[in-house]
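Trainee: Below: one structure in structure tokens.
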Amino acid sequence: MARPWEADPNTSFKQRLGKSPQELGNTTGSPDCPDIWELANGDIAVIGRDLTQSLGRNLPDGVSIGSDERLVVIPRNMLVAAKQDIPSV
């Protein structure tokens, strides 16, 4: 059975949502920075810490992680800062 949604590996980055990790104080300037981006096709890319192994063991009922998926965590202030850039529809 085909999935109703697939990530498009051929899309590109369109714009950052919210503020940069440097502006939020979430990085020391190293390449391991959390971030949120809108992609050219409208999907969202999240760069965060992979906690699939640790948090994935305690998922709420009805939640699952596919073999090609990862549970990533970003700082709360990053999503709050992105709120203004996320459309309501």
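The values are calculated or read from the model by the stated rules, or taken from the named source; none is laboratory data. In this text the structure is predicted, and so the values were computed from the model without any measurement. Counting neighbours? That spans all protein chains shown, and the Cβs are built from the backbone with ideal geometry, glycine included. Remember, those area values only see protein heavy atoms, side chains included, never the ligands or the DNA or RNA. Shrake-Rupley method; radii C 1.70, N 1.55, O 1.52, S 1.80 Å.
Trainee: Let's see if you can work this out: charge +1 on each Lys and Arg Cβ, -1 on each Asp and Glu Cβ, no other charges. What is the dipole magnitude of the chain about its Cα centre, in debye to the nearest 20?
Mentor: 260 debye
Trainee: Which percent of the accessible heavy-atom area of the chain goes to carbon and sulfur, probe 1.4 angstrom?
Mentor: The computed percentage sits at 53.
Trainee: Compute and list, largest first, the equivalent-ellipsoid semi-axes of segment 4-76 from the alpha carbon gyration tensor, each √(5λ) rounded to a whole angstrom.
Mentor: Sorted largest first and rounded, they come to 23, 19, 10 Å.
Trainee: For the chain, with every protein chain kept in place, what is the accessible area per residue (1.4 Å probe, Å²)?
Mentor: Result: 77 Å² of accessible area for each residue.
Trainee: Taking the simple approach of a point 7 Å from Cα along Cα-to-Cβ for both Val46 and Asp85, what is their distance in nm?
Mentor: Placing both labels 7 Å along Cα→Cβ, they lie 1.5 nm apart.
Trainee: Please give the contour-minus-distance gain from Glu6 to Leu71: 0.36 nm per residue of separation, less the Cα-Cα distance, rounded to one decimal in nm. Walk me through the intermediate numbers first.
Mentor: Working: separation 65, 0.36 × 65 = 23.40 nm, distance 1.67 nm.
Length difference between fully extended and current span is 21.7 nm.
Trainee: Ranked from highest to lowest mean number of other Cβ atoms within 10 Å per residue, what is the order of the peptides 42-51, 4-13? Please list the in-between numbers first.
Mentor: Working: 42-51: 13.2, 4-13: 8.8.
In descending order of packing, they fall as 42-51, 4-13.
Trainee: Then there's this: Taking the Cα-to-Cβ direction at Gln53 and at Thr27 and moving 7 Å from each Cα, how far apart do the two end points lie in nm?
Mentor: Those two pseudo-labels are separated by 2.4 nm.
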